[in-house]
Amino acid sequence: MGWEAVRAFLLLAFISAPVVSAGGETAASALIPFEAITGTNLPLVRGVTDHYTLRREYPSETFSARLDVFEYLFDHMDACSVLAQMTGLTKYRASLHVDGRLKADDHEGASGYILRVYAGGGKRVLYVEGTERGVFNVQGRGVAVVDYREGAGGNIEYTRGIFVKVDNAMLAALAQLFSVFLRGTVDGHFAHVIRNPVILSEQAQQNPDRLLRQIKQFSAADQQLLAPFAALLRSDYSARLAPDNHSP
């Protein structure tokens, strides 16, 4: 998963003042399994959803890929980041720390981390925190929800929802002046939340052997990190090459 996700959250934080709409609690409860988020993660999530600046929901999208490949890339963001950089999808990579936080700096003003707080049943919930440096230095927090399921014809359908809180109320209020110009850009950036795992799992579906050849060109450390993913690709590639047992 690329660092564009953090930039998307921070851009989203500029759209409106911090006002929670009526029914906001219901909206959050409908999307987020709060009872399954425990420990220190629950206060992080509640800190955003209980006092969010903006809530957005997006229509469903579909792509063609193996579910286990997509889930592996989505659940192993460090490996996905390495693969995305080495195949040219991003110019930098993120690093996974012992506390489970994926930290990154795009060297263009955005830095922070992504933390997965829930995974199960075709749902992933991510907590994001970061800073956007520029004319103003803005700190923002977000909670993203991705729901997905395997559909007909080997397709995967997914939907996205997001809650964002900007920590500087004055900047959030000023941002209303620019919302008309930012909204289209923000929506485009938010697509990057799962852009890398989607594109890479599509590539794995279309040509697993090509990805395997690319991985063999990586450093020994990167190959070791991507070994489980490579094993998934090899199993798919071998299955495609195997003769049909039911053929005469």
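The values are calculated or read from the model by the stated rules, or taken from the named source; none is laboratory data. Please read these numbers as outputs of a predicted model, since none were measured by experiment. So basically every Cβ, Gly included, is an ideal-geometry build from the backbone, and we count neighbours across all protein chains shown.
Listing for the model above:
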{"read-out": "Checklist (1) within 23 Å of the chain's Cα centre (by Cα); (2) of a type in the set (Phe, Trp, Tyr); (3) modelled with pLDDT under 95 applied to TYR237, failing item", "value": "(1)"}
{"read-out": "Members of region 102-129 that are part of a strand (DSSP E or B) and at pLDDT below 85", "value": "LEU102, LYS103, ALA104, ASP105, ALA110, SER111, GLY112, TYR113, GLU129"}
{"read-out": "Residues that are surrounded by 20 or more Cβ atoms within 10 Å (Cβ to Cβ) and either within 16 Å of ASP147 (Cα to Cα) or touching a Ser or Thr at 6+ places or on another chain (Cβ under 9 Å) (or both), drawn from region 32-48", "value": "ILE32"}
{"read-out": "Qualifying residues in region 65-102 (those that are small (Gly, Ala, Ser) and touching a residue at least 24 places away in the same chain (Cβ under 8 Å)) - the one farthest from GLN223 (Cα to Cα)", "value": "ALA65"}
{"read-out": "Residue ID - nearest to ARG210 (Cα to Cα), chosen from residues in region 39-92 that are among the small types (Gly, Ala, Ser) and not in a loop (DSSP other than H, G, I, E, B)", "value": "ALA84"}
{"read-out": "Of the criteria (1) modelled with pLDDT of 50 or more; (2) buried (at least 18 other Cβ atoms within 10 Å of the Cβ), which one HIS51 fails", "value": "(2)"}
{"read-out": "Residue in region 68-78 that is at pLDDT below 90, among the acidic types (Asp, Glu) and out of contact with any strand residue (DSSP E or B) (no Cβ under 9 Å at 6 or more places or on another chain) present", "value": "no"}
